[in-house]
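Since every read-out is calculated from the coordinates, none of them should be taken as a lab result. The model shown is predicted, which means the values in this text are computed figures rather than measured ones. As a convention, Cβ positions derive from the backbone with ideal geometry for all residues, glycine included, and neighbour counts pool all protein chains shown.
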Amino acid sequence: MAEVIAIEGGHKLNGTVVVSGAKNATVALIPATVLADGPVTIYGVPEISDVDALGVLLKELNCNVALEEDTLIIDPTHLENISLVSEAVDKLRASYYLMGALLGKCKKVTMRAPGGCFLGPRPIDLHIKGFEALGATVEFVNGCHVIEAKELKGATIYLDFASVGATINIMLAAVKATGRTIIENAAKEPEIIDVVNLLTKMGANIRGAGTDTITIDGVESLHGCDHEIIPDRIEAGTFLVIAAAAGEKVIVQNVIPQHLEAVTSKLREMGTKMEIVGDSIIVYGGLDNLVATDIRTQIYPGFATDLQQPLTTLLTQASGCSQVVETIYPERFKHCDELNKMGANIEKCDSMAYIHGSTPLTGTSVQATDLRCGAALVVAALIANGVTEIGNVYHIDRGYSNIDQKLISLGARITRREID
Ligand code: EPZ
């Protein structure tokens, strides 16, 4: 059954929201655990459907998976490296991290092509190039990647693009390879550092995470360990935008302020007042006097592509013309069509969008086309006149745990119902 959420706009938000564990770290950490020879305990796991999908895949691999609230214990001791062809692979793009992990552990993996949000073409050529550089052969047979290596040997790999997924996947394949692997032009996102922290606790030998050159010296075996996931900087950034748009005084708690510098500086540029106090950010919201501002998405530590969509909604309330340049996913603008249905005035042009504000938004029926489009529509619904119904809400549940409850506790009026 599909679900929709209905949000009645115009209610001011106040109070504290606690940010959950980072989705884009979690979906890499869980596959990484199969590299260990014993149980791995992960704390701070967010309640999102991507975690459930990965749990299904690990159980297919005969791993023991136990989830107690936000603590996940995975025991890969009796791993069986079967071909991964179930529809669980299709539910999320990050299932591809099992390629690197199973190649690294078993020197063989067979897996159907991954699924995930449609943001334009999402090739995995850089992942494959990395696996081949380590000595694997990669074939695409009946919709599956068949990847195997007699021996995995360290290599120097240059990434044409600082891909988050490729950086992590190559690391997972290299941690037990013979000799030294150097990844040049590596991605520097905080989630990569979190995965390296887990692998290091498991006994891996990795240096340079967070810089554009990561050095991995292969080790014989990796053991179990405990790990706590970093807070989700994209969920945190989304709530900063929600608070700026619909809040009076909202405290966003459990953040690492350094991870949010690009979005907090943009919000200040627009005129939103904020205070950083330890691991919390206090936002004094309101739409008066917001100033049109330009955004250009970049790899970390630049402005995150995942926050371009929610921030675009806020830009519809700023006086003047704002320009959004999307350098990571040039087609990541489906939210603009839905926002225009609510009264926004956004023109799309190639990998750019021009937002002419400020325009009042009116509640209507809209569709979440992807995870962060759904977030952008939640921001819009909270400030629109009347009730907005958001369909395909499963996209939102993939990356925002308990978003209804979190918003209701801040004073939002939200209901969720099933539809045929
Ligand atoms: C990760 O996706 C995130 N997903 C994305 O978040 C995020 O938007 C993206 O990084 C950029 O920050 C997860 O971590 C699960 P990339 P990923 O590889 O790894 C091109 C969300 O909303 N590319 O850095 O897939 C690719 O086409 C999601 O939480 C290749 O050309 O991103 C894209 O243009 C959406 N070949 C660019 O690089 C490859 O082999 C960025 O991709 C790989 C990528």
Report summary line: In whole µm²/s, the translational diffusion coefficient that Stokes-Einstein assigns to segment 79-215, given a Kirkwood hydrodynamic radius over C-alpha pairs, 4 °C and 1.567 mPa s, equals 87
Query raised in the report: In nm, to one decimal, how far is the Asp226 label point from the Glu148 one, both placed 7 Å along Cα→Cβ?
Result: 4.0
Report summary line: Here the percent of antiparallel bridges among DSSP beta bridges lying wholly in the chain, to the nearest 5, is 70
Report task. Going by C-beta contacts inside 10 Å, put Met274, Met342, Met171, Met352 in order with the fewest on the left. Result -> Met352, Met274, Met342, Met171
Report summary line: Expressed in angstrom and rounded, the centroid-to-centroid distance over alpha carbons for segment 387-410 and segment 1-67 is 15
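If exposed means no more than 14 neighbouring beta carbons inside 10 Å and the site is in a DSSP loop, what's the longest run of the chain without any exposed GluC sites (Glu not before Pro)? The partial results should precede the final answer.
Details: sites that count: Glu69, Glu80, Glu87, Glu151, Glu220, Glu331.
Between exposed loop sites, the widest span is 221-330.
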Query raised in the report: Which percentage, to the nearest 5, of the DSSP beta bridges contained in segment 23-228 is antiparallel?
Result: 75
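Lys and Arg at +1, Asp and Glu at -1: add these up for the other residues within a Cβ distance under 12 Å of Val56 and post the number.
After counting each charged neighbour, the total is -3.
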Query raised in the report: How many angstrom separate the Cα center of segment 359-383 from the Cα center of segment 236-311?
Result: 18
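Arranged by the count of other C-beta atoms within 10 angstrom, fewest first, what order do Ile276, Ile7 take?
Details: Ile276 14, Ile7 26.
By the 10 Å Cβ count, ascending, the order reads Ile276, Ile7.
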Query raised in the report: Can you give the helix-only mean residue ellipticity at 222 nm for the chain, where every DSSP H stretch with n ≥ 4 adds -39500 (n - 2.57) and the sum goes over all residues, rounded to the nearest 500 deg cm²/dmol?
Result: -9500 deg cm²/dmol
Report task. With a point put 7 Å past each Cα toward its Cβ, work out how far Glu275 is from Asp420 in nm, to one decimal. Result -> 5.4
Report summary line: For segment 280-410 the mean separation of alpha carbon contacts under 8 Å (6+ apart) over residue count, i.e. relative contact order in percent, is 21
Report task. Give me Tyr96, Tyr284, Tyr329 ranked fewest to most by other Cβ atoms within 10 Å of their Cβ, as a rough exposure proxy. Result -> Tyr284, Tyr329, Tyr96
**Report entry** With 10 Å bins from 0: P(r) over segment 312-398, alpha-carbon pairs, percent
**Finding:** 20, 53, 26, 1
